[in-house]
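Structure record follows, encoded as structure tokens.
The values are calculated or read from the model by the stated rules, or taken from the named source; none is laboratory data. Since the model is a prediction, treat every value here as computed from it, not as a measurement. In this analysis, Cβ positions are derived from the backbone assuming ideal geometry, glycine residues included, and neighbour counts consider all displayed protein chains.
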Amino acid sequence: MPAQDEIFRNIRVVAQGLDALRDEHEAIKNKLTGGIDLLTPDERQLIDEKTSIVDRNLENILLGVEEAQVMVALASHFQNLEADKQKYKAQVRRLCQENAWIRDELNSTQQQLRTAMQNIAQLEEENKHLKFMNSIKKFDEDLPQLADKEGDQAEQQHTASDVHNSTLQELGFGDEEEDLQNTSGQYSMPTPANAMAASATAGYDIPQRLKTLHNLVITYAAQGRYEVAVPLCKQALEDLEKNNGHDHPDVATMLNILALVYRDQRKYKEAATLLNEALAIRERCLGEDHPAVAATLNNLAVLHGKRGKYKDAEPLCKRALEIREKSARC
């Protein structure tokens with residue numbers, strides 16, 4: 001830029017010199033043509049030649065002046081363009097800075113949003129857990145009363161009939177009269193809580209935390225409140241699989257509980273699927289000769305019996321009996 005400014009200054013100086021030279025040539029021309037009428041023909045011819053030379057010089061001078069004026073105008077225009085260019089560059093820098101600041105603000109806001117979403121999800125999980133624990137707490141408060149009520153009802157029954165019925169119920173069968181009465185109903189009579197618990201957890205010592213949950217599900221099922229027992233059982237099953245994995249004895253126990261609930265609802269197909277899955281898990285985790293495997297085999301046999309598939313139930317009963325005999329000998 002300094003060299004360009006120097007050129008522009010030189011152009012202005014040259015333009016001023018050309019203006020002065022033009023004025024000088026015009027003065028010479030006026031002087032030559034001033035007394036031409038008084039001259040002789042030879043002198044007049046000489047004056048005409050000098051005048052023509054001055055005219056050509058004036059034309060060249062005027063051309064140079066015009067070019068200088070154009071260059072000065074261009075220089076001024078270029079200076080304006082350069083000023084606009086610098087102004088736009090400053091605006092671009094400012095916009096870049098603002099853009100960077102906005103990006104930083106966006107990243108900060110997104111981070112805060114992610115943190116807030118994580119906090120919301122955590123609070124929702126904690127809320128679900130607290131609701132679940134509250135329901136268990138309420139059940140623990142009501143459980144002694146329910147146990148006393150069942151004990152009073154059991155004492156009123158005939159001793160021989162009670163022994164007979166409890167044996168049948170532990171295997172999952174009810175009285176013949178009850179089976180006939182429930183044939184036309186939507187659901188079977190609910191399996192008693194003690195029979196369901198024995199069928200689901202026989203041969204396997206479950207943790208204390210699950211015992212409370214099992215009792216809760218079993219009690220609801222025994223009362224016929226399947227709309228409460230099934231979702232609670234599924235939620236517990238989901239939590240167990242999430243914490244312990246699918247192949248775990250606790251998962252098999254909960255599958256067994258859910259299968260017995262389905263059996264009471266006459267959903268035999270779903271119950272069979274769950275019992276087969278529980279059987280496979282217990283065989284993998286506890287061994288094929290474990291008493292819990294025998295309990296699951298008994299439940300499957302009972303289910304086949306309710307469906308009239310006695311040929312399928314017989315080998316299951318025999319295998320369960322063999323396992324119990326081995327356990328008794330040990």
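A few notes on this one:
- Against the criterion of being under 29 Å from residue 132 (Cα atoms), modelled with pLDDT under 85, of a type outside the set (Ser, Thr, Tyr) and out of contact with any Lys or Arg (no Cβ under 6 Å at 6 or more places or on another chain), residue 250 does not qualify.
- Residue within region 284-291 that is out of contact with any Gly (no Cβ under 6 Å at 6 or more places or on another chain) and surrounded by 22 or more Cβ atoms within 10 Å (Cβ to Cβ) present: no
- Any hit, region 212-234, residues being polar (S, T, N, Q), more than 32 Å from the chain's Cα centre (by Cα) and surrounded by fewer than 18 Cβ atoms within 10 Å (Cβ to Cβ): yes
- The condition of being free of Cβ contacts under 8 Å to residues at least 60 places away in the same chain and surrounded by 13 or more Cβ atoms within 10 Å (Cβ to Cβ) does not hold for residue 329.
- For region 238-247, the count of residues that are more than 30 Å from residue 128 (Cβ to Cβ), without any contact (Cβ under 8 Å) to a residue 40 or more places away in the chain and either crowded, with 16+ Cβ neighbours inside 10 Å or among the basic types (Lys, Arg) (or both) is zero.
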